[in-house]
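Only one structure is covered here, and it is reproduced in the block below.
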Amino acid sequence: MNFTLTAPRIHSICLIIIFLSLFSPLSDSNQFCDAGIGYSESTCGVASKILLKGGTVVNAHHQEVADVYIEDGIIVAVQSNILVGDGVKIIDATGKYVMPGGIDPHTHLAMEFMGTETIDDFFSGQAAALAGGTTMHIDFIIPVNGSLSAGYEAYVKKAKKSCMDYGFHMAITKWDETVSREMEIMVKDKGINSFKFFMAYKGSLMISDELLIEGFKKCKSLGALAMVHAENGDAVFEGQKRMIELGITGPEGHALSRPPALEGEATSRAIRLAGFVNSPLYVVHVMSIDAMEEIAKARKSGQKVIGEPVVSGLVLDDSALWDPHFQTAAKYVMSPPIRAPGHGKALQAALSTGVLQLVGTDHCTFNSTQKALGIDDFRKIPNGVNGLEERMHLVWDTMVVSGQISVTDFVRVTSTECARIFNIYPRKGAILVGSDADIIILNPNSSFEISSKTHHSRTDTNVYEGRKGKGKVEVTIAGGKVVWENDELKIVPGDGKYVKMAPFNYLFDGIEKADSEYLSSLRAPVIRSKQTS
Ligand code: URP
Ligand code: ZN
Ligand code: ZN
């Protein structure tokens, strides 16, 4: 018996799963199967064999018409006219694109933030992702009272119910010897190869420049990638006070209090400090022309800086923040803010020309009740928007259908580049023999429409409500199993695997050479004779 999920059912199923996970010592996956809620062999651990026939197989470097054969969760063959025997599920992909599943580099599932917790956990968020063609994501662990190991343990628990593969970044929120030692453990033992530094959220996550420099140095020595949330937190704090004094307490005050200049300043500062230490840098959620131009300038000068736009920044503008209806406006509150018209178009152009490299979501969902925490004061509106389910469709429609990027570029910016940066390529991000069978089939002639009524996230709103476009993910295969087909999910909590990520990605190539060139350029110390008079 196959277990199928449609959007409304997923919510009640989640409750059942949580109940079961509380009272059974077995793994989530086994609980689900043993409970007799419904499963098939193929969804509960027995290997499935799948042949994708006649599609256009797209990698970041190449596309060709070919068949793809999958066994035991791994791609076994990519060639024309593959013949198979009985017991193989055959999916006709003629006239469609067969591509690596999306990898979202930036999510916040079950994150405690601003006095509440994001409404999508590792099951509902991943269900949404799979329905939208994303088969892996990298979530940010928030330390517990500054402790990385406590944060790690908490997220291991949260992620137990995963139904697709995932990895972790780790935030650094304070600095001392213990944190420095724990960073080493995270990299060497736990498979974490990136650390995020928040330059904003004064009073909670924000760190100082001193910490930023220590952190960059430590990252460099470990071969871990330093990531920044780049906004000047002190100036944002001042901007917030200014808005409140002016009597601007609604969601529009959020955007007005943290203008693009503050994002540009922090981006420039982080880039210059990373340059000073000679460590690679990854700027998350690039939302403005100001920040993007700093990245462009640094890359032009040869600095190793990665810029990640998020789908909300690419396709939305800030106009809804002025909506008279609080709930409508509040759902768009995120940081850095969604910008005025013009910024999104410029970010699209930067993505299409390689100034920015990959697209994330910053999926960080709160429902209307949670957003209402800031009904009288925009500073209390939990920051974050949805995007995990929508990213692939919106990037396809906005960038490929419009002719701004090619189909191979689509694969690069939604999957392959993320796999390269976080050192999991070609296991992920490719349709090659030996790669994980995380695959989507996208029909370019089909269409999509986004609505909170049909999406799989637990939130009751959607910042892309009503958007329609061309191109639809008709099939998602994750870990070698068909998990999305005919608009239905077939997912099992516990099926997702934690993907360890090794340090020293390609950005670290040549770092030592640059260090020794720097040292030999110093022409110092100058030897001076000590003169007494
Ligand atoms: O508004 C946002 N971006 N919420 C998530 C936390 C972060 O800054 O990434
Ligand atoms: Zn951030
Ligand atoms: Zn984020």
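The values are calculated or read from the model by the stated rules, or taken from the named source; none is laboratory data. For clarity, every value in this text was computed on a predicted model and none was experimentally measured. All Cβ positions, glycine included, derive from the backbone under ideal geometry; neighbour counts span all protein chains shown. Accessible surface is based on the protein model in full, side chains and every heavy atom, while ligands, DNA and RNA are left aside. Shrake-Rupley method; radii C 1.70, N 1.55, O 1.52, S 1.80 Å.
Gain in length, residue 241 to residue 511, computed as 0.36 nm per residue apart minus the alpha-carbon separation, to one decimal in nm?
93.0 nm
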Practice item. Could you pull out every one of the lysines with an alpha carbon less than 18 Å from that of residue 481, ignoring same-chain neighbours closer than 8 positions? Key: 49, 53, 89, 161, 428, 490, 497
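Where only protein heavy atoms count, and the probe is 1.4 Å, what is the accessible area per residue for the chain in Å²?
Details: 20940 Å² over 533 residues.
On a per-residue basis, 39 Å².
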Check your understanding: How large, in percent, is the carbon and sulfur part of the accessible surface of the chain at a probe radius of 1.4 Å?
Key -> 53 percent
Point to revise | Karplus-derived 3J(HN,Hα), 6.51/-1.76/1.60, for each residue of the range 502-516, Hz, glycine and proline x | key: 7, x, 6, 6, 4, 5, 7, 4, x, 4, 5, 5, 5, 4, 6
Exercise for review: Would you grab the residues whose amide H sits under 5 Å from the one on residue 49? Only those 5+ places off in sequence or on another chain, please, with H modelled 1.01 Å from N.
Suggested key: 89
Study note, to complete from the structure: Sorting 378, 200, 255 by the position of each Cα along the dipole of the chain (Lys, Arg +1; Asp, Glu -1; all at Cβ), the one nearest the positive end of that ordering is 200
Exercise for review: Just name one of 236, 156, 94: the one whose Cα is farthest towards the positive end of the charge dipole of the chain (beta-carbon charges, Lys/Arg +1, Asp/Glu -1).
Suggested key: 236
Study note, to complete from the structure: Normalised per residue, the volume inside the convex hull of the alpha-carbon atoms of the chain in Å³ amounts to 160 Å³
Review point. Hey, got the dipole for the chain? About the Cα centre, +1 on K and R Cβ, -1 on D and E Cβ, debye to the nearest 20?
Key: 1000 debye
Point to revise | For residue 463, residues with placed amide H under 5 Å, excluding near neighbours | key: 386
Exercise for review: Starting from the amide H of residue 57, placed 1.01 Å from N in the peptide plane, find each other amide H under 5 Å away whose residue is 5 or more places distant or on another chain.
Suggested key: 64, 65, 66, 98
Check your understanding: On a 0 to 90 degree scale, rounded to 10, what angle separates helix 7-23 from the longest Cα axis of the chain?
Key -> 80 degrees
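Is it possible to state the helix-based mean residue ellipticity at 222 nm for the chain, with each DSSP H run of 4+ residues giving -39500 (n - 2.57), the sum divided by total residues, to the nearest 500 deg cm²/dmol? What is it? List each step's numbers first, then the result.
Details: 18 runs with 169 residues, N = 533.
Here the helix-only value at 222 nm equals -9000 deg cm²/dmol.
When the gyration tensor of the range 245-377 is built from Cα positions, what are the square roots of 5 times its three eigenvalues, in whole Å, from largest to smallest?
In descending order, the three semi-axes are 29, 15, 13 Å.
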